[in-house]
1. Return, for the Cα atoms of the chain, the radius of gyration and Dmax in Å, separated by a comma.
2. In the chain, what percent of the accessible surface is made up of carbon and sulfur (1.4 Å probe, ligands and nucleic acids excluded)?
3. Of the trypsin sites (Lys or Arg not before Pro) in the range 127-226, which ones lie in a loop per DSSP and count no more than 11 other C-beta atoms within 10 Å?
4. Which log10 I(q)/I(0) values, to two decimals, does the range 161-267 give at q = 0.10, 0.18, 0.23 Å⁻¹ under the Debye formula with one point per Cα?
5. Could you work out [θ]222 nm for the chain from helices alone, using -39500 (n - 2.57) per DSSP H run of at least four and dividing by all its residues? Round to the nearest 500 deg cm²/dmol.
6. Around Val205, which amide H atoms from residues at least 5 apart in sequence, or from another chain, sit under 5 Å from its own amide H, with H modelled in the peptide plane?
7. Using a 1.4 angstrom probe, figure out how much accessible area the chain has per residue, in square angstrom, rounded to the nearest whole.
8. Cα-based Rg of the range 47-128 per 2.2 N^0.38 Å, rounded to two decimals?
Amino acid sequence: MDRPIAMFDSGFGGLTVARAVIDLMPEEDVVYFGDTARYPYGPRPHTEVAAYAEQITRWMVDHHDPKMIVVACNTATAVALDRLREIVSVPVVGVLEPGLRALLSVSVSDRVGVIGTVGTVASGAYQTLVTDLAPAIDLTVAACPGFVEFVERGETETDQVHVLAERLLAPVSEAKVDALLLGCTHYPFLARTIADVMGRDVVLVSSADETAFAVQSQLSIAGLRRPESEARGATQWISSGDITVFADLGRRLLGPELDQVTSHRWE
Ligand code: DGL
């Protein structure tokens with residue numbers, strides 16, 4: 001099966017998921033779209049983010065014939081996953097449920113936290129999922145506006161981001177959670193800062209690895225896996241913004257596979 005796995009995010013955040021997918025299934029081809037011309041998605045109205053997600057998904061299907069779409073963005077997953085599953089015939093995997101399942105599996109106290117963009121938190125998607133999956137869990141949710149912009153500028157460990165983190169993480173700190181889901185795919189790049197603020201007793205959970213496992217299992221069930229004996233898969237990186245910036249920062253964040261970036265400008 002030589003069709004690629006297509007993934008997208010507003011920018012660099014989905015690279016955390018791409019890294020996990022490549023590490024778990026190096027033989028698969030991956031095509032990644034970073035919508036850096038229109039980031040951040042978090043503060044935008046839900047209808048606008050849903051329209052972007054739909055546009056990217058259709059474009060990926062038309063131009064890259066993927067065997068699966070991975071919505072490597074919590075905000076887009078929260079507001080558009082159901083719709084995307086209606087409009088394309090290939091499987092569509094989001095990041096919310098895999099991340100939440102991982103969070104629930106590591107918590108001992110059953111007091112957990114989720115941090116995400118304003119859009120994700122306001123959508124109520126995590127709150128609804130917890131009610132469905134584990135209603136007895138004590139969930140505290142906090143929005144972290146500004147985190148994504150620090151990552152997109154490549155500032156992941158500055159004093160400024162630390163000061164912001166102290167303020168924005170106060171609700172989850174005060175709730176005495178024992179596990180915290182980084183409910184935005186950009187946030188694993190801020191893990192050191194977030195860990196410093198939350199302290200050693202709080203386990204940080206990223207949705208990237210769990211999403212990669214979900215991708216693997218859905219491909220297997222659908223009979224779409226490429227044999228593991230195959231040579232290393234090809235990767236393709238596309239950005240709607242400045243491709244030089246995407247190549248430089250992207251390589252720093254993802255690693256050497258991010259070698260060449262293609263431009264796709266929206267009209
Ligand atoms: N990385 C995305 C998410 O997981 C989008 C962040 C943004 O563009 O605001 O929510």
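1. 17.5, 50
2. Values: 5520 of 11260 Å².
Looking at the chain in its full context, I get 49 percent from C and S.
3. On the way: sites: Arg153, Arg167, Lys176, Arg192, Arg200, Arg225; in loops: Arg153, Lys176, Arg200, Arg225.
Within the range 127-226, the qualifying trypsin sites (Lys or Arg not before Pro) (loop, at most 11 other Cβ atoms within 10 Å) are Arg200.
4. Per q value, in the given order, log10 I(q)/I(0) is -0.47, -1.04, -1.17.
5. On the way: 12 runs with 125 residues, N = 267.
Theoretical 222 nm ellipticity from helices: -14000 deg cm²/dmol.
6. Here the answer is Leu180, Leu181, Leu182, since their amide H atoms fall under 5 Å of that of Val205.
7. Working: 11260 Å² over 267 residues.
Normalised by residue count, the accessible surface of the chain is 42 Å².
8. Relative to the rule-of-thumb radius for its length, the range 47-128 sits at 1.20.
The values are calculated or read from the model by the stated rules, or taken from the named source; none is laboratory data. Predicted model only: the values in this text are computed from it and were never measured. Cβ: placed from backbone, ideal geometry, glycine included. Neighbour counts: every protein chain shown. Protein only, heavy atoms only, side chains kept; ligands, DNA and RNA dropped before computing areas. Shrake-Rupley method; radii C 1.70, N 1.55, O 1.52, S 1.80 Å.
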